[in-house]
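Step one of this worksheet: look at the structure below.
The values are calculated or read from the model by the stated rules, or taken from the named source; none is laboratory data. Remember, predicted model here, so these are calculated numbers, not experimental data. Note that we place each Cβ from the backbone using ideal geometry, even for glycine, and neighbour counts take in every protein chain shown. The accessibility values were calculated without ligands, DNA or RNA, using every heavy atom of the protein model including side chains. Shrake-Rupley method; radii C 1.70, N 1.55, O 1.52, S 1.80 Å.
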Amino acid sequence: MNKKKLKILVSLFALNSITLYLYFSSHPDHFRHKSRQNHFSLSENRHHNFHSSITSQYSKPWPILPSYLPWSQNPNVVWRSCEGYFGNGFTLKVDLLKTSPEFHRKFGENTVSGDGGWFRCFFSETLQSSICEGGAIRMNPDEILMSRGGEKLESVIGRSEDDELPVFKNGAFQIKVTDKLKIGKKLVDEKFLNKYLPEGAISRHTMRELIDSIQLVGADDFHCSEWIEEPSLLITRFEYANLFHTVTDWYSAYVASRVTGLPSRPHLVFVDGHCETQLEETWKALFSSLTYAKNFSGPVCFRHAALSPLGYETALFKGLSETIDCNGASAHDLWQNPDDKKTARLSEFGEMIRAAFGFPVDRQNIPRTVTGPNVLFVRREDYLAHPRHGGKVQSRLSNEEQVFDSIKSWALNHSECKLNVINGLFAHMSMKEQVRAIQDASVIVGAHGAGLTHIVSAAPKAVILEIISSEYRRPHFALIAQWKGLEYHPIYLEGSYADPPVVIDKLSSILRSLGC
């Protein structure tokens with residue numbers, strides 16, 4: 001072996017070693033034993049019987065994701081860059097109460113008995129949004145006006161949305177302080193809220209209202225029926241039964257967890273009164289546990305709590321009204337050649353969803369069955385979505401059944417290769433089954449509808465064919481495909497009727513490009 005080749009091999013080895021070090025140093029939980037329990041300090045109120053689901057759960061480790069890039073605090077993230085929109089653009093740190101989560105993790109329960117809490121926010125100039133976190137935070141569910149939440153849908157038919165959204169009394173949340181001059185005061189004033197938690201176009205900014213309710217109290221008034229030791233994520237939701245809006249909430253929760261550097265997947269607390277939906281299956285898979293604020297029997301204290309921004313403040317939602325000039329790229333390419341106009345964050349997030357359900361994420365090509373590629377047709381079905389829903393979905397493709405049957409008949413006679421046409425009846429499939437169908441699809445076909453949001457979990461070389469009626473020409477799924485780097489094809493209709501031969505001709509062309 002000549003010296004030149006040896007130098008190249010040594011350089012490649014060094015680069016690979018540095019990459020692995022940076023990756024695993026940002027995934028510290030991979031070096032921890034998986035059986036690490038969600039321990040609880042019962043130094044106070046040891047005699048209480050706890051009923052929240054958090055107390056009996058472990059914290060799940062972060063999975064290894066091929067598209068992962070470190071979420072380090074980089075003050076040089078360019079405004080309105082792809083990382084600013086989709087990654088860690090939360091570069092402005094504002095300390096409201098000093099110390100840090102690292103300090104509290106190091107000294108554990110001793111920090112609570114003698115010291116005050118802490119609170120800080122990370123502001124994104126690009127998204128005009130903040131991710132906040134703090135310690136020694138007390139939540140009193142009795143001071144939050146809302147329905148209980150988590151009920152079976154059938155038991156709350158007709159309940160109003162106002163009953164489900166939280167109204168925070170002053171002091172619904174409290175932080176313990178030792179400075180006597182601060183006791184009795186609010187954590188923030190309106191000037192802070194307007195600067196770091198602006199309402200924007202959101203009619204009710206529940207995270208802003210939550211933080212506005214936080215009062216500072218002394219040790220004598222800081223009583224807890226329960227201490228939660230492991231990191232917890234507090235979330236308020238609006239359109240919780242719609243997949244698109246729930247994906248924005250999932251993404252916001254994921255970003256909040258990464259930006260705050262949580263060593264493992266947090267436990268979730270829904271600070272809202274919405275009833276149970278099918279989508280909770282994914283919430284539970286993504287994070288360590290899930291409970292509703294009203295499930296706690298008394299005031300609960302968090303050693304470390306983070307506040308997830310509203311889904312409306314993510315790039316996924318903002319892209320519907322402003323231009324986000326980003327294209328999907330592989331993490332490997334971006335690691336070697338950083339580009340402010342490219343991102344791998346949505347691919348990383350899609351891998352997170354797949355890994356949460358136990359599916360492999362290290363495949364770079366479209367999986368094929370023994371017989372041939374899968375063509376998934378995402379269907380729109382009638383189903384009862386929430387207490388104010390009539391059970392009927394609005395048709396976006398008036399002859400959907402005819403189009404599906406035509407594709408299925410055509411596929412049976414396809415001579416070039418065997419096709420598997422999958423009937424994507426998502427309303428009657430578990431979330432895990434839906435994600436499996438998406439990740440195994442070579443081509444994903446469907447009329448414009450929330451079910452297509454699942455393409456965030458599609459394989460890297462999947463092709464999207466969206467059928468768009470004249471009434472619903474919205475960019476949701478074209479944008480997700482662009483930001484993930486997926487090939488995308490629209491079929492625009494004059495009304496809501498699609499000519500089956502036109503759809504089949506387009507599908508045939510796509511399959512030929514895939515070698516079929």
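Observations on the structure shown:
- Per the listing 298, 311, the residue uniquely in the same structural domain as residue 201 (by the TED database), in contact (Cβ under 8 Å) with a residue 40 or more places away in the chain, surrounded by fewer than 19 Cβ atoms within 10 Å (Cβ to Cβ) and within 23 Å of residue 210 (Cα to Cα) is 298.
- Residue list for region 138-164, filter: aliphatic (A, V, I, L, M) and open to solvent by 10 Å² or more (accessible area, probe 1.4 Å): 145, 146, 153, 156, 157
- Evaluation of residue 293 against (1) within 17 Å of residue 254 (Cβ to Cβ); (2) touching a residue at least 60 places away in the same chain (Cβ under 8 Å); (3) open to solvent by less than 40 Å² (accessible area, probe 1.4 Å) (one fails), failing number: (1)
- Pairs, first surrounded by fewer than 15 Cβ atoms within 10 Å (Cβ to Cβ) in region 375-404, second of a type in the set (Ser, Thr, Tyr) and at pLDDT below 80, C-beta under 8 Å, six or more apart: 391/383
- Some residue of region 274-283 being crowded, with 23+ Cβ neighbours inside 10 Å, modelled with pLDDT of 95 or more, touching a helix residue (DSSP H, G or I) at 6+ places or on another chain (Cβ under 8 Å) and not hydrophobic (A, V, I, L, M, F, W, C): yes
Each row is one residue, and each column tells you yes or no for (1) of a type in the set (Gly, Ala, Ser); (2) more than 21 Å from residue 246 (Cβ to Cβ); (3) under 32 Å from the mean Cα position of the chain (by Cα).
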site	(1), (2), (3)
458	yes, no, yes
474	no, no, yes
491	no, yes, yes
495	yes, yes, no
512	no, yes, no
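- Residue, farthest from residue 396 (Cα to Cα), within region 411-450, restricted to residues that are touching a Ser or Thr at 6+ places or on another chain (Cβ under 8 Å) and in a helix (DSSP H, G or I): 439
- Among the candidates 202, 235, residue that is of a type outside the set (Phe, Trp, Tyr), at pLDDT below 95 and under 18 Å from residue 311 (Cβ atoms): 202
- Every listed requirement among (1) more than 24 Å from residue 427 (Cβ to Cβ); (2) open to solvent by 30 Å² or more (accessible area, probe 1.4 Å) is met by residue 510 save one, (2).
- Scanning region 322-340 for residues that are loosely packed, with under 15 Cβ neighbours inside 10 Å and either more than 22 Å from the chain's Cα centre (by Cα) or free of Cβ contacts under 8 Å to residues at least 12 places away in the same chain (or both) returns 322, 323, 332, 333, 336, 337, 338, 339.
- Long-range neighbours under 8 Å by Cβ, at least six apart or interchain, first residue without any contact (Cβ under 8 Å) to a residue 40 or more places away in the chain and open to solvent by 20 Å² or more (accessible area, probe 1.4 Å) within region 171-186, second assigned to a loop (DSSP other than H, G, I, E, B) and of a type in the set (A, V, I, L, M, F, W, C): 183/177; 186/214
- Taken over region 492-507, the criterion of being open to solvent by 20 Å² or more (accessible area, probe 1.4 Å), closer than 16 Å to residue 376 by Cβ and in contact with a strand residue (DSSP E or B) (Cβ under 8 Å, 6 or more places away or on another chain) is satisfied by 506 alone.
- Subset of region 75-97 [open to solvent by 30 Å² or more (accessible area, probe 1.4 Å), assigned to a loop (DSSP other than H, G, I, E, B) and not aliphatic (A, V, I, L, M)]: 75, 76, 79, 80, 91
- Candidates 421, 378, 403, filtered to the one that is more than 30 Å from residue 65 (Cα to Cα) and among the aliphatic types (A, V, I, L, M): 403
- Residue within region 347-366 that is of a type in the set (D, E, K, R) and at pLDDT below 90 present: yes
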